[in-house]
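Everything below concerns the one structure shown next.
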Amino acid sequence: MALIFIRTAIIFLTLLFIMRLMGKSQIGEMQPFEFVITLLIAELACIPMADSSIPLLYGVIAIVAIFILHQIVWLLDLWFKPVKTAVCGKPSLVINKNGVDEYQLKTNNLDVSDLIESMRAAGYFSLDDVYYGLYESNGSFSALENPDRKSSSLPVLLIDGGKADKKNLEICGITREELQAFLSAQDTQLKQVLVMTVSGDGRVYLQKRGEKYRILEMELKNKW
Amino acid sequence: MVKSIIYTVTAILLCLALFIGVEFYLNEQFGEFHDTLETLYKKVENETANREDAYAVRQMWTDKKSKLHIFIPHNDISYVDYWLSEACGFIYEKEYGLALANIEVLKEITKNLPGGYTLKLENIF
């Protein structure tokens with residue numbers, strides 16, 4: 001019986017560690033340890049239920065072990081701040097006054113398109129619609145809204161991490177040469193660009209790696 | 001908060017009591033059965049074992065396994081069932097040499113089985 005308890009605890013801690021390493025993209029509005037418990041409980045309840053050769057007591061002990069571990073983690077969370085940070089992580093400021101923080105995104109195994117997706121889910125369609133954007137430790141996105149929101153049409157991601165998105169270029173009716181010419185006019189190369197989006201009205205959000213973002217205008221054949 | 005702490009400590013204490021209880025129970029049950037098999041082995045060796053002896057050992061195992069099912073995987077119990085049935089069959093037929101071999105296997109299984117559930121590093125991983 002004690003074996004089952006110890007084995008459950010080892011699996012719990014391993015899963016928790018792996019979930020923390022995977023970053024916020026894998027969690028989805030739960031604390032990492034809550035997510036691990038959700039993963040484990042279902043499986044632990046099912047195995048002895050479906051396999052009659054395993055005593056039901058094994059499943060009960062494993063579930064009680066999860067309960068005890070949950071309580072211990074919860075109490076440690078309350079009493080010791082460093083443990084809370086280690087177990088649950090801390091919020092990551094991914095958008096600041098300079099624009100997108102690439103380092104914070106990479107730390108959480110996210111890219112610009114993930115960030116834009118989270119922003120859209122939160123009701124912000126342009127990267128400059130928010131002053132500050134952050135991923136909470138449970139993986140949800142929070143933002144401090146820019147009161148002068150200017151986006152009037154859907155921005156399309158043209159460059160993500162130094163790579164041009166062919167499909168989106170086609171949608172916007174921009175050729176690769178036109179994009180290169182636009183970047184050259186800004187004294188920039190494709191590889192140096194962290195993110196570039198363009199709205200239907202020609203409004204461009206351009207951020208070079210390690211620099212503050214700029215809002216520019218671009219001539220578009222297609223408007224949307 | 002206090003309620004949660006009480007629940008947690010109670011759960012830990014109950015688990016500890018269960019672990020220790022089960023450990024002793026398994027060792028005791030398999031120890032008793034091992035001793036009985038030892039006696040049967042000696043009788044088979046002397047070719048004095050009969051149908052009643054085999055039946056008594058079988059009956060003892062049947063009583064024990066009904067409770068052991070709660071604590072150990074049923075496949076492990078099936079091993080004992082298999083070898084015990086074969087040993088009893090050989091005793092009924094007075095095939096003492098073959099029965100000895102089977103009881104030897106049974107003794108080994110009952111000696112090693114409880115060890116498979118104790119808290120040891122090799123069992124954890």
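Using Cα pairs under 8 angstrom and six or more residues apart, how large is the relative contact order of the range A:150-200, in percent? Relative contact order, the range A:150-200: 58 percent. Take each residue of peptide A:50-61, count the partner chain Cβ atoms within 10 Å of its Cβ, and average: the result is 3. Both numbers refer to the Cα atoms of the protein assembly as shown; Rg and Dmax are 33.3, 106 Å.
Diffusion coefficient of the range B:1-93 by Stokes-Einstein, Kirkwood radius over Cα pairs, 4 °C, 1.567 mPa s: 83 µm²/s. In sequence order, the range B:69-82 has phi-based couplings of 4, 6, 10, 10, x, 5, 5, 5, 5, 4, 4, 4, 3, 4 Hz under the Karplus curve 6.51 cos²θ - 1.76 cosθ + 1.60, θ = phi - 60°, and Gly or Pro positions carry x.
Helical runs (DSSP H, four residues minimum) scored at -39500 (n - 2.57) apiece and divided by the length of chain B put the mean residue ellipticity at 222 nm at -29000 deg cm²/dmol.
For the peptide B:12-21, the mean number of other protein chain Cβ atoms found within 10 angstrom of a residue's Cβ is 4.
With only the Cα atoms considered, the range A:74-154 has a convex hull volume of 103 Å³ per residue.
The peptide list A:84-90, B:16-22, put in order of mean Cβ contacts within 10 Å with the highest first, becomes A:84-90, B:16-22. Each residue of the range A:5-11 was assigned a 3J(HN,Hα) from its phi angle through the Karplus expression (A = 6.51, B = -1.76, C = 1.60, θ = phi - 60°), giving 4, 5, 5, 4, 4, 5, 4 Hz with x at Gly and Pro. As an exercise, identify the GluC sites (Glu not before Pro) in the range B:1-73 lying in DSSP coil whose Cβ has no more than 13 other Cβ atoms within 10 Å. Counting only loop positions with at most 13 other Cβ atoms within 10 Å, the GluC sites (Glu not before Pro) in the range B:1-73 are B:E47.
Inter-chain neighbour count for B:114-125: the average number of beta-carbon atoms from partner chains within 10 Å of each residue's beta-carbon is 2. For B:K120, the lysines whose Cα comes closer than 21 Å to its Cα, not counting residues fewer than 8 places off in the same chain, are B:K111.
Coupling constants for the range B:110-116 follow from the phi torsions by the Karplus curve (6.51 cos²θ - 1.76 cosθ + 1.60, θ = phi - 60°), and in residue order they are 5, 6, 8, 4, x, x, x Hz; glycine and proline get x. What the Kirkwood sum gives for the range A:51-189 is a hydrodynamic radius of 18.8 Å, with every pair of different alpha carbons counted. Projecting label points 7 angstrom from Cα along Cα→Cβ for B:L98 and A:L13 puts them 5.2 nm apart. Working note: 222 nm ellipticity from helices only, DSSP H runs with n ≥ 4, each -39,500 (n - 2.57), summed and divided by the residues of chain A, gives -15000 deg cm²/dmol to the nearest 500. Counting lysine pairs in the range B:1-91 that sit 8 or more residues apart in sequence, or on different chains, and whose Cα atoms lie under 25 Å apart gives 4.
Restricting the chymotrypsin sites (Phe, Trp or Tyr not before Pro) of the range A:28-83 to loop positions (DSSP other than H, G, I, E, B) with no more than 12 neighbouring Cβ atoms within 10 Å leaves A:F80. For A:G99, nonlocal amide neighbours, meaning residues 5 or more places apart or on other chains whose placed amide H falls under 5 Å from its own, are A:Y213.
Computed from the coordinates by the stated procedures, all read-outs in this text should not be read as laboratory data. Note that the structure is a prediction, hence the values are computed from the model and not measured. Every residue, glycine as well, gets a Cβ built from its backbone with ideal geometry; the counts of neighbours run over all protein chains shown.
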